[in-house]
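What follows is a short report on a single structure.
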2 protein chains.
Amino acid sequence: MTSPVESGGLHAPSLVQLATDSLRKAILAGEYAPGERLQEERLTERLGISRPPLREAMRVLENEGFIVTQPRRGSRVATLTAEDVREILTLRSALERLAFELGVPVRDPKVLEAPRQAVEEMEDCARREDRGGLVQAGYRFHLALVGIAEHRRLSEAYESIQRQQLLCMSRNLVVREAYYEDLEHHAARHRTLLESVEAGDRDAALAELAAHGEQSFASVALPPELYRSQFGKRD
Amino acid sequence: MTSPVESGGLHAPSLVQLATDSLRKAILAGEYAPGERLQEERLTERLGISRPPLREAMRVLENEGFIVTQPRRGSRVATLTAEDVREILTLRSALERLAFELGVPVRDPKVLEAPRQAVEEMEDCARREDRGGLVQAGYRFHLALVGIAEHRRLSEAYESIQRQQLLCMSRNLVVREAYYEDLEHHAARHRTLLESVEAGDRDAALAELAAHGEQSFASVALPPELYRSQFGKRD
DNA sequence: ATGTCGCTTATTGTAGACAGTAGTCGCAGA
DNA sequence: TCTGCGACTACTGTCTACAATAAGCGACAT
């Protein structure tokens, strides 16, 4: 997701960076259950580092919403309620809309290269029925699409919320399957969205985006009872 | 800004929390110049703590955008370019709009108590010509207004970007003066905005908000040359 | 039998010290 | 005089160790 080399410079990644990425990946992979206690000592053993860099990494993940910390009572993997899911989806959608309002029509055609490449990857993955790759490419596509606004803070906020959406999806098998029932169609919708943006038609792009959102996670995951059973309540 | 007691529980604040607040306050107060190097050793002496909690605090401030860190080359106070200011203002405005779209008309009247109280404080401060208090109250008012959406992630994102706007303002004397040329009028505009929200008229509130923004920081700080001279370029 | 007090243990919060790297200054050679 | 190399300095990155607090458990008193 985040490149190992942060923004240009070429440096050996610090243990904090490595620990952050590793932990985030593990949580997204479901290796730690929601609400599970994250004890520093255990994690240092697992990662082979000492506590200070681990603690800094956990601070970062706390800011990103992956873990919650109570002073002197340790940290736990974030537990997502239905309410949290609603928050994530609405905020993500709003940030995407803002990106279009600011960035469409595009001034500098260069910014279109990234989403173009990503959508081609998506189509590749769809043909090969590579579901995992499609998720990755889709992630990059949306991030690149927001990038056309050339708005660093917006992109960062978007990436943060998008990661949290991955967390939702990783915990919701029903949605994960339904979301990708037709891989080709899925990729095609993204292609259409990109074409609207390329055409510089903001309204069309926004409409496409709205339809896009409707068909995706938000509407598939309808029944509230299901949410509660899958995500549980916050302690 | 942030209450010393984090969200309900009553615990002695950790040194990390104290250091974070203290450093943020110092940066906002202009005690550290933009681009100034923040050396860990010096800061530990000043704050009377050791490096681990300080480093965790700096991680937090880095996430919040107050400082930038280059690996093995230390941290510096964030330098804001005109582009940064544009980002902050557009994002802040968009988040406020989203809050209204989600939260107006209000479902639970209780959420109106906080903005009501804040606007009264503003009017108090305006009458007493307490400019500092007015800034504080205005900060709380807008935060409380976003709070009506009852959307935790939105509120957090908003507070973060609002803090950064404070950083802009603290570095721009011209704007700071112009912004508050007529204290009473300033408070009155906020009262009007609140009334639109209370009436449950989303469109009116959004329109009011747009006008509100127009008259504030964004439009006052017009000349781009001035920005550059005041904020400098990013290194 | 139940509630409370105190101890024990595990875990977090903090401190201080060590290691490694980047920047800087000086010197030598061309 | 200028350029390149090398040592020095100062800082960040990391580790180990200590202190303090909270939860768990048992014993005692009521």
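If B:Arg116 meets every condition in (1) modelled with pLDDT of 95 or more; (2) of a type in the set (Lys, Arg); (3) within 15 Å of DNA strand D (Cβ to nearest atom) apart from one, which number is that one?
(3)
Can you find a residue in the stretch A:135-142 that is more than 10 Å from chain B (Cβ to nearest Cβ), in a loop (DSSP other than H, G, I, E, B) and more than 16 Å from DNA strand D (Cβ to nearest atom)? Reasoning before the result, please.
Keep residues of the stretch A:135-142 that are more than 10 Å from chain B (Cβ to nearest Cβ), which gives A:135-142.
This time we only want the ones that are in a loop (DSSP other than H, G, I, E, B), so: none.
No, the stretch A:135-142 contains no residue that is more than 10 Å from chain B (Cβ to nearest Cβ), in a loop (DSSP other than H, G, I, E, B) and more than 16 Å from DNA strand D (Cβ to nearest atom).
Can you confirm whether A:Asp124 is over 24 Å from A:Ile27 (Cα atoms) and either without any contact (Cβ under 8 Å) to a residue 40 or more places away in the chain or within 14 Å of chain B (Cβ to nearest Cβ) (or both)? Lay out the reasoning, then the answer.
Numbers: over 24 Å from A:Ile27 (Cα atoms): yes; either without any contact (Cβ under 8 Å) to a residue 40 or more places away in the chain or within 14 Å of chain B (Cβ to nearest Cβ) (or both): yes.
Taking the combined requirement at face value, the residue satisfies it.
Sort out which residues of the stretch A:24-43 are within 11 Å of DNA strand C (Cβ to nearest atom) and either under 25 Å from A:Glu159 (Cα atoms) or within 14 Å of chain B (Cβ to nearest Cβ) (or both), and write them in order of number. Spell out how you get there, then give the answer.
Let us first name the residues in the stretch A:24-43 that are within 11 Å of DNA strand C (Cβ to nearest atom), namely A:37-43.
Answer for the stretch A:24-43, where residues must be within 11 Å of DNA strand C (Cβ to nearest atom) and either under 25 Å from A:Glu159 (Cα atoms) or within 14 Å of chain B (Cβ to nearest Cβ) (or both): A:Leu38, A:Glu40.
Taking interchain pairs and intrachain pairs at least six residues apart, which have beta carbon atoms under 9 angstrom, with the first residue in the stretch B:68-83 and facing chain A (nearest Cβ under 10 Å) and free of Cβ contacts under 8 Å to residues at least 24 places away in the same chain and the second of a type in the set (Asp, Glu) and within 16 Å of DNA strand C (Cβ to nearest atom)?
The qualifying pairs are B:Pro71/A:Glu6.
What residue, among those in the stretch B:84-108 that are under 23 Å from B:Ala33 (Cβ atoms) and free of Cβ contacts under 8 Å to residues at least 60 places away in the same chain, is nearest to DNA strand D (Cβ to nearest atom)? Full working, then the answer.
We begin by selecting, within the stretch B:84-108, every residue under 23 Å from B:Ala33 (Cβ atoms); these are B:84-89.
Now drop any that are not free of Cβ contacts under 8 Å to residues at least 60 places away in the same chain, which leaves B:86-87.
Numbers: B:Arg86: 30, B:Glu87: 25 Å.
Only one residue fits best here, namely B:Glu87.
If I ask for residues that are among the hydroxyl-bearing types (Ser, Thr, Tyr) and more than 12 Å from DNA strand C (Cβ to nearest atom), which ones from the stretch B:49-70 would you list? Quick ask: steps written out before the conclusion?
Of all residues in the stretch B:49-70, those among the hydroxyl-bearing types (Ser, Thr, Tyr) come to B:50, B:69.
B:Thr69, the sole residue that qualifies.
Within the stretch A:84-115, take every residue that is β-branched (Val, Ile, Thr) and facing chain B (nearest Cβ under 9 Å) and give me the one that is nearest to the chain's Cα centre (by Cα). I'd like the intermediate steps shown before the answer.
Start the filter on the stretch A:84-115 by keeping residues that are β-branched (Val, Ile, Thr), which leaves A:85, A:88, A:90, A:104, A:106, A:111.
Those left that are additionally facing chain B (nearest Cβ under 9 Å): A:88, A:90.
On the way: A:Ile88: 10, A:Thr90: 14 Å.
Restricting to residues being β-branched (Val, Ile, Thr) and facing chain B (nearest Cβ under 9 Å), the top hit is A:Ile88.
From the list A:Glu56, A:Glu96, A:Glu129, A:Glu101, exactly one residue is in the same structural domain as A:Glu198 (by TED's automatic domain parsing), surrounded by 19 or more Cβ atoms within 10 Å (Cβ to Cβ) and of a type in the set (Asp, Glu). Which is it?
A:Glu96
So which of A:Val77, A:Val16, A:Val106, A:Val85 is open to solvent by less than 20 Å² (accessible area, probe 1.4 Å) and more than 16 Å from DNA strand C (Cβ to nearest atom)? Give the derivation first.
Working: A:Val77 fails: more than 16 Å from DNA strand C (Cβ to nearest atom); A:Val16 fails: more than 16 Å from DNA strand C (Cβ to nearest atom); A:Val106 fails: open to solvent by less than 20 Å² (accessible area, probe 1.4 Å).
Just one listed residue meets the conditions, A:Val85.
The values are calculated or read from the model by the stated rules, or taken from the named source; none is laboratory data. Everything numeric in this text was worked out from a predicted model, so none of it was measured. Heads up, the Cβs are rebuilt from the backbone with ideal geometry, glycines too, and the neighbour counts pull from every protein chain shown. Side chains included, ligands, DNA and RNA excluded: accessible areas come from the protein's heavy atoms. Shrake-Rupley method; radii C 1.70, N 1.55, O 1.52, S 1.80 Å.
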